[in-house]
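Okay, so here's the structure we're looking at.
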2 protein chains.
Amino acid sequence: MARRGSYAKGIAKREEILTVALDVIARTGYRRASVRELAEAVDLSQAGLLHYFTSKEELFQEILRKRDDVDLATYGGESVHPIDGLLGVISHNQEVPGLVQLYVQVSTDACDPEHPSHAFFVERYARIRDVFAQFVRAEQAAGRIDDDVDPERVAALFVAAADGLQTQWMLDPSIDMAQHMLHLWHLITRRV
Amino acid sequence: MARRGSYAKGIAKREEILTVALDVIARTGYRRASVRELAEAVDLSQAGLLHYFTSKEELFQEILRKRDDVDLATYGGESVHPIDGLLGVISHNQEVPGLVQLYVQVSTDACDPEHPSHAFFVERYARIRDVFAQFVRAEQAAGRIDDDVDPERVAALFVAAADGLQTQWMLDPSIDMAQHMLHLWHLITRRV
DNA sequence: GTCTATAGCATGATAGAC
DNA sequence: GTCTATCATGCTATAGAC
C-alpha cells in the first residue's frame, strides 16, 4: 500500500494496461500474439508497453491471468452453480473470438517445457481440474452423480472438451460450445 | 502411373520426404514447425525441401495428412472396432510427443481463416465428426447407446476431448490420454 | 534435383533522447 | 514514463550456380 509513489504508479499502470488490452482484444479481435500489434491497440509504442513487462511471454501470461480474474468475478461466486458459471464463461467466449484465439495460441506455445509460461499453465490446469473434481465428488456425495464416475478423469475430460471445442468453433463458428458442454454435463449426471 | 519420368520421380520423392519426416519427428521430437529444422532432419537443404512443396504450410499440412493415412492404415480397417482404433491411435500418440506437438501447433495456426490450411482442417474435423456421429447412430440402432444421446454433439465432444487432452498431456505427461478417452466412452455408452 | 547465397520481412529487445 | 531508432535474430521464399 504505502510503497514509493513511482512504484505504485507502475503497478496501477500495469493493471490499466491489462484491463485495456483485454477490452480491446475482446472488441476488435486479434491476429497474432505480437507485442507490436498489442501495443498500438493499447495506444503505446512497443517499447513503452514492454517497459511494464519483462518479456512478451510475461505480458501475455498476465493478460490471460487477468482474464481469469475477471471471468471468475463476473461468472463465479458463492451463490452461482459451478456449471452455470462455466457455461456463462463459455457463452461469453463466443462473443470474444480474439480472446479465444489468444488463449489457444499462448497455451499451445506454453506446452513447450522451455516456455516461460509453462509452469503457469501447468499449475492453472491442475488447479482447475482439482476444483472440478472436488465438485463432482460433492455431487456424488449428494447422490446426484453415480459413483462409477471417476471425478479426476471427468474433470480432465470436461476441461479438455472445453478446450477442444474452441478449436472446432474457430474452424466453424456455427458450433455452439455452451450447448455442447451442457450436453456433456447431461452425460455425466444421468443416472444409470 | 505412366506419367513423365521426372514428374513421377517428383511425386515419389515427395512421398518419401513425408514418410521420413514423420519418422524423424516421431523419433526425435520437434520444437518449432520451421522448414529449416525439418530440412536438416530429412537431410536436405531448406531450398531443396521447399522444391517439392509450394510453401511451409503446404509442407506441414501434407505431413499431417500422411500421418492420418498411416494411422488409418495401422489402426483402422473393417475388422477393428472404431473405438479400439481410436484408442490405438491415442495410445500411439503418447509415444510420439513430437507429432502431437506438431499437430497441435499447426491445427491451432490453421484456425485463422487466412491460413492456407484452414480449409483442410475445416473439412477434416467435419469429416471425423461425421464418421463418429454415424457410428453413434449405428450403436443406437443396435440398442447399445441410449436414444437421448445426441450423435452430432457427442461426436464433437469426443473429438474435442481428444484434442484438449493433448494440451493437458503435454503440460503433464503423467496423464493417460487413452484411459481418459475410454472413460468418456463409458460415460457415453452406459444405459440409464 | 539440389545446393549456396541472399533477399525480404517480422519479430523481441534495448539504447538513448526528451 | 514514453518515445524513436536501431539491433539482432529467425524465418520463408527465391535466384542462380552446378
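The values are calculated or read from the model by the stated rules, or taken from the named source; none is laboratory data. These numbers come from a predicted model, not from an experiment. Cβ placement follows ideal geometry from the backbone for every residue including glycine, while neighbour counts extend to all protein chains displayed.
Quick notes on this structure:
- Listing of helices (runs of 4 or more DSSP H) fully contained in the stretch B:14-75 that carry 2 or more residues being among the acidic types (Asp, Glu): B:35-41, B:56-75
- A search for C-beta distances below 6 Å between a residue of the stretch B:30-49 that is more than 14 Å from chain A (Cβ to nearest Cβ) and among the small types (Gly, Ala, Ser) and any residue that is in a helix (DSSP H, G or I) and away from DNA strand C (no atom under 11 Å from the Cβ), counting only pairs 6+ apart in sequence or on different chains, returns B:Ala41/B:Val24.
- The residues in the stretch B:1-23 that are closer than 22 Å to B:Gln101 by Cβ and either at pLDDT below 95 or hydroxyl-bearing (Ser, Thr, Tyr) (or both) can be counted, and the count is 1.
- Failed item, numbered, when A:His81 is tested on (1) within 16 Å of DNA strand D (Cβ to nearest atom); (2) within 30 Å of A:Val136 (Cα to Cα); (3) surrounded by fewer than 17 Cβ atoms within 10 Å (Cβ to Cβ): (1)
- Residue in the stretch B:69-85 that is closer than 30 Å to A:Val106 by Cβ and either in contact with a Pro (Cβ under 8 Å, 6 or more places away or on another chain) or touching a residue at least 24 places away in the same chain (Cβ under 8 Å) (or both) present: no
- Some residue of the stretch B:52-69 being within 15 Å of the chain's Cα centre (by Cα), charged (D, E, K, R) and within 16 Å of DNA strand C (Cβ to nearest atom): yes
- Near pairs, Cβ below 8 angstrom, 6+ apart or cross-chain, from the stretch A:128-148 (touching a residue at least 40 places away in the same chain (Cβ under 8 Å)) to any residue that is loosely packed, with under 13 Cβ neighbours inside 10 Å and aliphatic (A, V, I, L, M): A:Asp146/A:Val192; A:Asp148/A:Val192
- Residue in the stretch A:28-35 that is surrounded by fewer than 13 Cβ atoms within 10 Å (Cβ to Cβ), more than 14 Å from DNA strand D (Cβ to nearest atom) and not hydrophobic (A, V, I, L, M, F, W, C) present: yes
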